[in-house]
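Quick notes on the structure that follows.
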Amino acid sequence: TTAAAANHSTAAAAADADANFPVEHDPSSSSSPNANNDDSNSPAQPSTLSCPFLPPTIFGAAMDYLRYGEVRTALLVGKTIAHHAVKHVQTLNICNPYELNVRASRRFGNVREVNILCLIAFEHAFMYEHSLVRDAATRSVPFLLSFPKLDTTFLGGIQILFADSDQLDRLEYDSKCQYSPTRCVAPDDHADIFRGLMMSLCGAFGSMALPQSLDLGGIHDGCRACSETNREPGCNFCRDCCRSLPFHNVVDMNYLKIISPLSSQRAQDCISARDVLEIVSSRPGGREFLEGEISVLRAYLATFGFEQVAESESPSTKEREMFVHRMKELNATIPHRVYYAPLESLQFYLEHGFKPSNMARRTLSLILQQRGRRSLYASNSSDYDASSREILAKASFDRLVAAGFAIEEDDFIVVDAANEPVLAGIESLMR
């Protein structure tokens, strides 16, 4: 009943919005006032047919799912679409570089999402190797600037993939894909072309031509192609991106460390997590963004160290075995690993705006749990329990509580190194 009422309300709103829309008539119809006029010698004009049952809002919503070339073709169908429905189009899907034409796009004044799906082209279907399209890279940013209401964009391409289906052996579908420097095969200077695109984006954001609230997608994979030529004393290219791009692009949610979007697996050599944090916190609104950003917590947790009890040589073998056995009974994820939280890292993150009190309870323990379980996966261990907990030194636990983290002893297996013979002498667990 609620769904039916909502549908009725939506339909009524659409009807009210289009109540004053003039319904056009077919000139060839006998009911048309101009039915007897002979226009056979007049120039060809777009059809004036319209359907009184589909208001412009519906036409506009339908065109959101078409490719841009199909939308341009639909504008020739009749005045309903060409002059009225076009005002309700909110999404454009660009599939050819020549469609990145600012003059032609000016009629779409209410567009909020632009998907540029011609930045990369796949040589063969179902293959990951692709090429970067130079024309699309050079035209993309000026094209995006022509939409004053833009809030979402994606830069990449479309790849045909397969999915399993109960009805079909293989179901084909289109999937958005990003430029990848390791899978791009052409042109030879594709990395430089993409860097030029990124610098254009930085200029657009830095000059406020594009809003910081823009949801910019499709750049993270490509931005890992950081040049090795500017790594002393640091990568200026990475720093420029951290200074200009939206915060959510600078802070990549897929990593345990805060890294620049231009980083790679060698991010530590290019620009460190601390450098990125300092740049973000110095930007207007940066400290407010970092206060409750979970990626900052992931970055801090990445600094956590651990001691392997099994590798200690001071206690006897029996004492080590007893400790590991007791941790297993307490359902420890890795019974011979004890984590500790460095004091210097905690102070650094607190000084740059991070507020532990903004994190929900168990957030810290769950992320630390994921780290331990990834270690089990990496070692191909089958000893995995979804309800397991991590072992944390009591000195570190007390420090985290004092800093404002919403944690309790039940979230971890808290051990006091001072009272554990097997941990005696391990300074990192005691301070």
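The values are calculated or read from the model by the stated rules, or taken from the named source; none is laboratory data. Here the structure is a predicted model, which means the values were calculated and not measured. Cβ: placed from backbone, ideal geometry, glycine included. Neighbour counts: every protein chain shown. In case anyone asks, the SASA skips ligands and DNA or RNA and just uses the protein heavy atoms, side chains included. Shrake-Rupley method; radii C 1.70, N 1.55, O 1.52, S 1.80 Å.
Quick notes
- Flag for Thr182 being over 21 Å from the mean Cα position of the chain (by Cα), at pLDDT below 90 and among the β-branched types (Val, Ile, Thr): no
- Which numbered condition Phe397 misses (of (1) of a type outside the set (A, V, I, L, M); (2) under 23 Å from Arg320 (Cα atoms); (3) in a helix (DSSP H, G or I); (4) open to solvent by 30 Å² or more (accessible area, probe 1.4 Å)): (4)
- Identity of the residue in segment 198-218, over 13 Å from Pro246 (Cα atoms) and of a type in the set (Gly, Ala, Ser), that ends up nearest to the chain's Cα centre (by Cα): Gly218
- Residue in segment 109-118 that is closer than 30 Å to Gly196 by Cα and polar (S, T, N, Q) present: yes
- If you filter segment 159-169 down to residues that are over 30 Å from Asp135 (Cα atoms) and either surrounded by 11 or more Cβ atoms within 10 Å (Cβ to Cβ) or in contact with a Leu (Cβ under 9 Å, 6 or more places away or on another chain) (or both), you find that the one that is modelled with the lowest pLDDT is Ser165.
- Filter result for Glu123 (open to solvent by 40 Å² or more (accessible area, probe 1.4 Å), charged (D, E, K, R) and over 18 Å from Val89 (Cα atoms)): yes
- The selection criterion, being over 30 Å from Gln90 (Cα atoms) and at pLDDT 90 or above, does not hold for Ala225.
- Residues in segment 400-413 that are within 24 Å of Phe348 (Cβ to Cβ) and either in a helix (DSSP H, G or I) or β-branched (Val, Ile, Thr) (or both): Leu400, Val401, Ala402, Ala403, Ile407, Asp411.
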